[in-house]
1. Would you please list the contacts, defined by Cβ atoms under 7 Å and residues six or more apart or on different chains, that run from a residue in the stretch 99-110 that is touching a residue at least 60 places away in the same chain (Cβ under 8 Å) to a residue that is surrounded by 17 or more Cβ atoms within 10 Å (Cβ to Cβ) and in a loop (DSSP other than H, G, I, E, B)?
2. Picking from 162, 156, which residue would you name as being surrounded by fewer than 21 Cβ atoms within 10 Å (Cβ to Cβ) and assigned to a strand (DSSP E or B)?
3. Tell me, which residue of the stretch 12-32 that is out of contact with any strand residue (DSSP E or B) (no Cβ under 8 Å at 6 or more places or on another chain) and not in a loop (DSSP other than H, G, I, E, B) is nearest to residue 173 (Cα to Cα)?
4. Please enumerate the residues belonging to the stretch 95-123 that are within 20 Å of the chain's Cα centre (by Cα) and assigned to a loop (DSSP other than H, G, I, E, B).
5. Condition first: without any contact (Cβ under 8 Å) to a residue 60 or more places away in the chain, in contact with a helix residue (DSSP H, G or I) (Cβ under 9 Å, 6 or more places away or on another chain), closer than 18 Å to residue 195 by Cβ and surrounded by 15 or more Cβ atoms within 10 Å (Cβ to Cβ). Can you find one or more residues in the stretch 43-57 that meet it?
6. When you scan the stretch 187-204, do you find a residue that is at negative phi, without any contact (Cβ under 8 Å) to a residue 24 or more places away in the chain and over 20 Å from the mean Cα position of the chain (by Cα), even just one?
7. One residue is enough: does the stretch 18-39 have a residue meeting the conditions over 23 Å from the mean Cα position of the chain (by Cα), surrounded by fewer than 13 Cβ atoms within 10 Å (Cβ to Cβ) and at pLDDT 80 or above?
8. Please go through the stretch 176-195 and give me each residue that is part of a loop (DSSP other than H, G, I, E, B) and in contact with a helix residue (DSSP H, G or I) (Cβ under 9 Å, 6 or more places away or on another chain), ordered by number.
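The values are calculated or read from the model by the stated rules, or taken from the named source; none is laboratory data. The shown structure was predicted, so the numbers you read here are calculated from the model rather than taken from an experiment. Reconstructed Cβ throughout: ideal geometry from the backbone, glycine too, with neighbour counts over all protein chains shown.
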């Protein structure tokens, strides 16, 4: 009962944190405004560069983790029987977070992430790699990194998606020039995976538009049109 209550509390807080982040505007909100909004969630993790561009990153993280002995061991030979039982009663560890990056006092990037543990029986289903969780992030940013600019296609030059953790993880990035409809979809996180009895097994269940964008890009790279 304690764990279920904590999961539901995290789900509600996760949705509110996302709403707060969405009130911050890339290109116009100030560092002070962003810190005031994210600061409602407690002490911020804040780091600033020293190269003269006054670049600062402020972030907050919300999480619920089961005790370590209930989370399993990353070894295929380990039975993890107790962890499997926990999976079968709808309990799992999850975390969400938000980050804002500012330069010279103005927001240049805002991002949100969600990570939800997979059931132990699914840990090695992706090419036998150890994949313990569904991890999804979405970032509205003024500019792409050099390698990301190469990933953007002519069909959608202002948004891209790629794997963030080898065989798993979906990382979405998009520019403010993207349409309002697309921006809304690319930040439309679903939080039911945190609390529902039957576990989610694909990143699509957390951020559908992000997984669809990744599929489109994979199709284009493979020569599918």
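1. What qualifies is 100/24; 107/24; 107/26; 107/29; 108/26; 109/26; 110/24; 110/26.
2. On inspection, the qualifying residue turns out to be 162.
3. Going residue by residue through the stretch 12-32, those that are out of contact with any strand residue (DSSP E or B) (no Cβ under 8 Å at 6 or more places or on another chain) are 12, 15-16, 19, 22-23, 32.
Filter once more, so that each one left must be not in a loop (DSSP other than H, G, I, E, B): 12, 15-16, 19, 22, 32.
Details: 12: 25, 15: 20, 16: 21, 19: 18, 22: 15, 32: 24 Å.
Among residues in the stretch 12-32 that are out of contact with any strand residue (DSSP E or B) (no Cβ under 8 Å at 6 or more places or on another chain) and not in a loop (DSSP other than H, G, I, E, B), the one nearest to residue 173 (Cα to Cα) is 22.
4. Within the stretch 95-123, 118, 119, 123 qualify.
5. So far as the stretch 43-57 goes, no, none of its residues is without any contact (Cβ under 8 Å) to a residue 60 or more places away in the chain, in contact with a helix residue (DSSP H, G or I) (Cβ under 9 Å, 6 or more places away or on another chain), closer than 18 Å to residue 195 by Cβ and surrounded by 15 or more Cβ atoms within 10 Å (Cβ to Cβ).
6. Within the stretch 187-204, not a single residue is at negative phi, without any contact (Cβ under 8 Å) to a residue 24 or more places away in the chain and over 20 Å from the mean Cα position of the chain (by Cα).
7. Filtering the stretch 18-39 down to residues over 23 Å from the mean Cα position of the chain (by Cα) leaves 28, 30, 32.
Filter once more, so that each one left must be surrounded by fewer than 13 Cβ atoms within 10 Å (Cβ to Cβ): 28, 32.
With the extra rule that they be at pLDDT 80 or above, the set shrinks to 28, 32.
Within the stretch 18-39, one or more residues are over 23 Å from the mean Cα position of the chain (by Cα), surrounded by fewer than 13 Cβ atoms within 10 Å (Cβ to Cβ) and at pLDDT 80 or above.
8. Narrowing the stretch 176-195 to residues part of a loop (DSSP other than H, G, I, E, B): 176-179, 186-191.
Matches in the stretch 176-195: 176, 186, 187, 188, 189, 190, 191.
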